[in-house]
Structures are given as C-alpha cells and as structure tokens.
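As structure tokens, the structure follows; a few thoughts come after it.
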Amino acid sequence: MFFSGKIIEVTKLSSDYYKTDIKLFEKISQSPKPFQFVMLWIPRKDLMPMSVADYHDDILTIIFKVRGEGTKTLAQNPGFVGVNGFYGKGIKDLYERKILFVAGGSGVAPLPYLTRYFRDKISIDVIWGFRYHHQYFDLSNIISSRSVGEIFYVAEDCVDKRFYCGKATDLYQKIIKRERDKWDLVIASGPKEMLAKICEINRELDVYVNLENHVKCGLGFCGSCVLKPTSKLLCVDGPLFSCDEVAEYLSQN
Ligand code: FES
C-alpha cells in the first residue's frame, strides 16, 4: 500500500546515524509487525528499503545511516516522502521469550519497534556493535519499553574505554559461552558476514537472522532479492529467517 507522509523531525543521533519521524496522511488499518520494512521514496532522489524502527499513532520512525544520495537528502529533511509497505512477513509470536538481540551497525534499527510491539511480554538484552566510537548513541533514548535489560556496546576502533573492544560477534561468543541459559532465543541483525558468524558460534541455540539484500519491487515479482543459491525471496519470505533456512546463502561470499 502507498502512503504519503510529511517528515516532522530529523534527529542526528551520532556522527552518521539519524532518526526521522514521518507523519503518514492515510490511516493504517493494520500496524506493521516487527522486522517488516517499507520502501521509502524520496521524490526525485531515491527509493530505498528501510526497516520499521518504530510506529505509533500514524507516525513511522526510520533510523538510518548516511550512505548515498537518498539518505543524504533524508538527513536534510526533504519535507514530503512516499512510503510503500509494509513488506516482509515480520514476526508476531515472541511472547514470553528471553531474547538476546545482536546488532551490527544500522542492523539495530528494528529494535525500538520490537520492544514496543511486545512491551513487557518479552525480556531482551542487547549487544550493539559499530566500527567507530563516534557512531555511538544511547539506545535507551530511542527505546520506549522497559523490557530491555542490559545493553552492551562494542566498538571496533577500541579508542573509547566505555565500549567493549572488538566486534559484536566477539562479545557474543564470550557471553554466550558464560551465560548460555540466560536466553532462549537469539535475533541477529546486521551485515551478512556477522550473521554467518553468529549462526556458526552456537548451533544448539534458537537463532534468527534479519537479512539485508537488494529489494526493488518488495512484492515477490522482480527476483532481485532472491537469496541465492536458495529460492527464497527476502521481501516475501523474510527478512527474518532461522539459520537453517538460509545456511547456504550465508555460506556464500
Ligand atoms: S524485491 Fe522483487 S522479488 Fe523481492
């Protein structure tokens, strides 16, 4: 479904992460599910797949990193945008789960809506890894739910002592070994290489991965999001998959 909307705020969260709130003009009959995404149309600039970072009262929130012309324009508040969605299956049955959410870079975007949607029906701890210390922002400022327990920050450049030094997967490996029984589900969201590693680290755990791929139509027609060599389509079958479902895809470079 296509919605038009007006950007009501763009907030700079850190050196290159931003959050924007978009007021949708049409009433949405069914709220999105966590991990669903939209195709965001920036007039005359770009059409980009974006995770639903939050949604309430017809306000859609997107968290993004500036990467190209489209996101650069979005950071400067282009005023009016188009929103196509909601795409993907998302997830709706996580009640009572004890979740460890492991995010790399902008893979952290679906977290606020995940916690809003399930509110106090889940408990969730978070590992968020980023490359440079100046990309950090305080996740507790964008999460409205009390279901979030511990938040661990990990920076690859190792210059700020507040953060664990290394990659998100390093810390994940360490704490999953030490506190294996604390969680009954792991959800990982971020670059393909990170997701492949998370799936390898402990094969006994229930692990889901939130994939990114080239999305064009979002409807299962064009085939641009096929997860080769499987026949699964990210836009229709995902973007959240169990490690087993996408093992072959993750093993390809
Ligand atoms: S984006 Fe076209 S089939 Fe998935």
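The values are calculated or read from the model by the stated rules, or taken from the named source; none is laboratory data. Since we're looking at a predicted model, the values are computed, not measured. All Cβ positions, glycine included, derive from the backbone under ideal geometry; neighbour counts span all protein chains shown.
Can you name the condition, by its number, that LEU195 falls short on among (1) in a helix (DSSP H, G or I); (2) surrounded by 20 or more Cβ atoms within 10 Å (Cβ to Cβ); (3) within 16 Å of the ligand (Cβ to nearest atom)?
With (1) in a helix (DSSP H, G or I); (2) surrounded by 20 or more Cβ atoms within 10 Å (Cβ to Cβ); (3) within 16 Å of the ligand (Cβ to nearest atom) applied to LEU195, the lone miss is (3).
Does VAL215 fit the bill of being part of a loop (DSSP other than H, G, I, E, B), near the ligand (Cβ under 10 Å from one of its atoms) and either at pLDDT 95 or above or β-branched (Val, Ile, Thr) (or both)? It would help to see each step written out before you state the result.
On the way: part of a loop (DSSP other than H, G, I, E, B): yes; near the ligand (Cβ under 10 Å from one of its atoms): yes; either at pLDDT 95 or above or β-branched (Val, Ile, Thr) (or both): yes.
Against the criterion (part of a loop (DSSP other than H, G, I, E, B), near the ligand (Cβ under 10 Å from one of its atoms) and either at pLDDT 95 or above or β-branched (Val, Ile, Thr) (or both)), VAL215 qualifies.
Only one of LEU171, LEU205 is farther than 23 Å from ASP93 by Cβ and among the hydrophobic types (A, V, I, L, M, F, W, C). Can you tell me which? Please lay out each step first, then the result.
Working: LEU205 fails: farther than 23 Å from ASP93 by Cβ.
Only one candidate passes the filter, namely LEU171.
Residue check: is VAL186 more than 16 Å from the ligand (Cβ to nearest atom) and surrounded by 14 or more Cβ atoms within 10 Å (Cβ to Cβ)?
On the way: more than 16 Å from the ligand (Cβ to nearest atom): yes; surrounded by 14 or more Cβ atoms within 10 Å (Cβ to Cβ): yes.
In short, yes.
If a residue has to be assigned to a loop (DSSP other than H, G, I, E, B) and under 22 Å from ASP181 (Cα atoms) to count, how many in the range 88-134 make the cut? Before the answer, list the steps.
Narrowing the range 88-134 to residues assigned to a loop (DSSP other than H, G, I, E, B): 88-97, 109-110, 122, 131-132.
Next cut, under 22 Å from ASP181 (Cα atoms) only: 93-97, 122.
Qualifying residue count, the range 88-134: 6.
Residue by residue, here is whether (1) within 16 Å of the ligand (Cβ to nearest atom); (2) over 30 Å from ASN84 (Cβ atoms) holds:
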position: ASN141; (1), (2): no, no
position: LYS174; (1), (2): no, yes
position: ILE201; (1), (2): no, yes
position: LYS232; (1), (2): yes, no
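Show the residue pairs that are 6+ apart or on different chains and have beta-carbon atoms under 6 Å apart, the first residue being within the range 82-93 and assigned by TED's automatic domain parsing to the domain that holds ILE59, the second being in a strand (DSSP E or B) and of a type in the set (Gly, Ala, Ser).
These pairs meet every condition: GLY82/SER4; VAL83/GLY5.
Give me the pairs, please: first residue somewhere in the range 221-240 and assigned by TED's automatic domain parsing to the domain that holds PRO34, second residue anywhere and more than 6 Å from the ligand (Cβ to nearest atom), beta-carbon distance under 9 Å, and either six or more positions apart or on two chains.
No pair meets every condition.
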